[in-house]
Every structure is written in structure tokens, then in C-alpha cells.
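Structure first, commentary second.
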Amino acid sequence: MSAVARPCEAFLRLIARDYAREHLVLGERDGERLVLRHAQTTPLTVLHNVGVRLGEHGDRWVTDAQHLAERIDAAYAQVERDSTDVGHSNLTIDAPDDDLERALREMDRDLLATSGKAPVVRLVDWMLFTAATRGASDVHVQPLEDRVLIRMRIDGALRDVKELPAPLGGPIASRLKVMGRMDVAERRVPQDGRATVTIGSGDTARTIDLRLSSLPTAFGERVVVRLLEPQGTLDLDDFSALGMPADVQRRWLAACSRSSGIVLSTGPTGSGKTTTLYATLRWTARRSARDLNVMTIEDPIEYDLSGPHAAISQAQINTKKGVTFASGLRHILRQDPDVVMVGEIRDLETAAVAIQASLTGHLVLSTLHTSDAATAVTRLVDLGVEPYLVSASLSAALAQRLVRRVHAECEGKGCEVCYSSGLLGRVGLFELLVVGESMRERIATGMPASALGTEARAAGMKTLQEEGRRLVEAGITTPLEVARVASVGDEAFDAVEAVS
């Protein structure tokens, strides 16, 4: 057999990948001659059935099982890329016309039957469609010793959605890796990928960006898929939809109306920081009537901010090409911007460029991972920024969290819609520190975060815990939910005991 043998197109079209992998068989062309690569353990009946399906019986070539498995994965992965490659995967997922159980039953049948989509493809389609329609932000495919656990993060909490037989873990991971243009044959190292899918069709179609991450574990590859809608499900033109109290909104927008300075949104991952900044940018662009040049550098671009009243240019970092937050911000500053949004300040270099920009006549919006508003100040100092520079540049810091709402339809008792939790949807908690002259003096002296927080509360700042209690008293959320996202130390334990 020559070294230039290539995969047989008819084999890849007529024989399902799962069948080829299960029985370790691959059709290749050596010139015009059909050759069936197979493992030593491949049953002769399989080779006969494949020959019948292809309409010709080729020569047989025994191949090392591991090498053959990798060749099979690579061949089918290339078919997927050729059929969807327009710079990234762009697939259409229609509403399932059958349920998950039917797809699972068909996976147990002879996979030589390839009418329509293969069962594993339909299974993954079902997962993504379900996640999109339930408003999930992430899908977890977690292989365990005796099963595969499908979980979805809905309203910030992970929900067990389905348990599948353990043998399905590999095919599901491979399908997701194909969609994300990842190396299907490589299972020993973590990988990242991305894809774009269209959910549904016609007027109700939704385009969703997927960010995929695979990680080898003891029982197979674990895959997490993050779902991002470029247009977003939140009405970013309606600032009140964030749930921000009127007095906080007024002072926040006042700080964002300045021509220079740094405005920060802080909190842990998934607390809505970026959404708040997006809504602020939309508000800024509408208010300016296109008089301002508004630009962003992000990782990734989560919402499309283009619109009839928002002339906003968005750029994305690309570390492989040397485009980081710091270098991207430097390039943006050469584009004559008025307002700049930096997705996150992660290091001293980015912080230094952002502060320099704010001190030279630019309004800079960004995010930090801190526990409260006052800690944003000390976080910048910890990165290496001199306190006097923080004092001179910082205009405001907004800490926020997202708490789940009491489900009004079941009055918090729990039902099928809210997964028996009594909670559905989320609302924000906000803590705003505005930097006035007195606060600037305190920051310049290197005052610790605890003292800065005390100073801010004396000036009227409502803490996250105080805002949480207000929502509890209004029946919007629960004490345990506030404790989960906003309380620390003994407060959290006290809240848990109070509802036990």
C-alpha cells in the first residue's frame, strides 16, 4: 500500500463515524483501489458489511489499533471542517422533532444506517438546543466512572439535566471538539475551541457563539461549552432592566458622563460586570448623538453593540498574534477615542496604560475581580500602581452580584419550571463607591480597603449586604440567596442556619 493513500469519500459519506470507531475500520483509496484498514480484532462480518454498503470489496490492511483510531478521527474531523468552514463552524440546530430518549435508542442500533444526522450529532444538537431555550450560560459534559453527567448552569446555578451511559462520553466529546475545530485525535492535553450555531429557523432563529474547553480526566475528556448570544438576551437600551436602584443609577451615570477618569465594575465571574458596562456604553453612545468615538477591547466580544444609535467599534484580543489588553489598548489610543472599554484589568501593564489614558483626557471603563467596591482601590495598588495615581484617576467603583429571584408563579414553593428550587431569573445587587475629594485624599495616603469602605458608608454608600436585605424584605429574593453571593464569614453561616 502506498504512502499517499487518502480517505475514501464514499466511505466517509456512507459509514457513520461511530460505527467506524467502534469496529476500527476505515476505507482509503490507494490510487483507484479501495483499501479497508482494520484492526486485528475487527470482525470479518464488519468488513463484509462495509463492502456491501460501498458496493465494492477492497483489499484489507491490518493496522495498529491506536494509530487507526487516530486516522479515523482525523478523517471525519476533516469532513466536518470542509462542510462547515467559513472561518469558523456555523451550524444550524433546529428544534428537535423527537426527544432525547429516541436519540439514545437509535445510538444502540446499527450505526451503518446513516439517514439524516447521526445519533450522536442529534444528541449534541439536543443538548445545545435545550441549553439555549432554558437560558443556560454553560453546558458541562462530565464523564464519571459509570455514567456521563450533563449539567447546565441556569441563573448562575448548576443543574443536573441528564445522566447518560458512560460509553457515550467519548463520542459526545469528539462531536463537540469537531464543532470547535479542535484536534479530535489529541485526548491527552486540554484544548480550547469556538463555533457559531444557529438555533431554530426563520424569524425565531438565534445565533449563538460557543466557547468550548476540553480537559482530560480520569474517566475521559470533560467538555464545557459556554453559550454567548452576540445580540444578547438583555435589552441593553433599557438601563433599568439591570435592576439598578435609581439613586445608584444616577450617580453611576454621572461618573460615566465625565470626559476622563477610570470607572470600574467589580465582582466575581458571572456577576454581570460586562453586561453593566455594555449597557453603559450604549447609554453613552445614545447620549452623545454620535459626537463621541467609543471603542472596546474585549476577550471575547460577548454582545454586539452595533445599532442605529450606537456607533461603537469593538475589538477582540488575540494572544497568539500578540494582541493583549495592554497592547490592544495602546493601539486603540492611536484611534482618537473619547471613551474606551477594556474588558478586564489583569496586570500592571494594562493598569498603567489605562491610568495613563484616563489622565490624558479619555474616559476608561473596565472590570476587576474584587469582593467589594473599596477593594478595587487596593487591588490596583497590589498590581503595582502608585496610590497617588489611583487617587488621581479613579472616578467610581461599582461592585455587583446577581441573586436569584423568588419564582412568582409558584410563590417560591418550587415547581417544574424552576426545577423545584422556588427561584427563577436573577436581579442585581449594587454597591457604588464614588471618589470625591475627601476620598481621593484617603486613597493617596494608602488607606486600607476596610477604612475606605467605612468612609464610603459614612458618605451614604449602601453595601451589597444592605441591598440584599432590602430585596429580601421586598420578597424579591431569599436570605440564603443573598448569603450565597454577598455574605462572608459568620454572616453566611447565620443565614444558612436561619432557614434550616
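The values are calculated or read from the model by the stated rules, or taken from the named source; none is laboratory data. Owing to the predicted nature of the structure, the values given are computational and were not obtained by experimental measurement. Positions of Cβ are backbone-derived with ideal geometry, glycine not excepted, and every protein chain shown enters the neighbour counts. Accessible surface is based on the protein model in full, side chains and every heavy atom, while ligands, DNA and RNA are left aside. Shrake-Rupley method; radii C 1.70, N 1.55, O 1.52, S 1.80 Å.
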Q) Put +1 on the Cβ of every Lys and Arg and -1 on every Asp and Glu Cβ in the chain; which of Cys418, Leu212, Ile154 then has its Cα farthest towards the positive end of the dipole? A) Leu212
Q: Post the alpha-carbon centroid distance, region 384-439 to region 134-171, in whole angstrom.
A: 28 Å
Q: Could you please state how large a percent of the accessible area of the chain is carbon and sulfur, counting protein chains only and using a 1.4 Å probe?
A: 49 percent
(Q) Before I look further, what does the chain give for accessible area per residue, probe 1.4 Å, in whole square angstrom? (A) 47 Å²
Q) For region 125-178, which trypsin sites (Lys or Arg not before Pro) are in a loop by DSSP, counting at most 14 other Cβ atoms within 10 Å? A) Arg134
Q | Charge dipole of the chain about the Cα centre (unit charges at C-beta), most positive-ward option of Pro143, Gly343, Gly55 | A | Gly343
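Which percentage, to the nearest 5, of the DSSP beta bridges contained in the chain is antiparallel?
On the way: 56 of 89 bridges.
Here the share of antiparallel DSSP bridges comes out near 65 percent.
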Q: Find the centroid of the Cα atoms in region 316-364 and in region 1-77, then give the distance between the two in whole Å.
A: 52 Å
Q) Sequence-distant or interchain residues sharing an amide H contact under 5 Å with Leu394, placed H: which? A) Ile262
Q) Roughly how many debye, to the nearest 20, is the charge dipole of the chain about its Cα centre, given +1 on each Lys and Arg Cβ, -1 on each Asp and Glu Cβ, and no other charges? A) 600 debye
Q. What dipole magnitude, in Debye to the nearest 20, does region 140-192 give about its Cα centre under +1 on Lys/Arg Cβ and -1 on Asp/Glu Cβ?
A. 140 debye
Q) Going 7 Å from the Cα of Leu359 toward and past its Cβ, which residues in region 444-472 have a backbone nitrogen under 17 Å from where you end up? A) 444-446
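Per DSSP H run of at least 4 residues, take -39500 (n - 2.57); add these up for the chain, divide by its residues and hand me the 222 nm value, nearest 500 deg cm²/dmol.
Numbers: 18 runs with 187 residues, N = 500.
Dividing the helical sum by the residues of the chain leaves -11000 deg cm²/dmol.
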Q: For Glu473 paired with Tyr388, estimate the spin-label separation in nm (one decimal), with each label point 7 Å from Cα along the Cα-to-Cβ line.
A: 4.4 nm
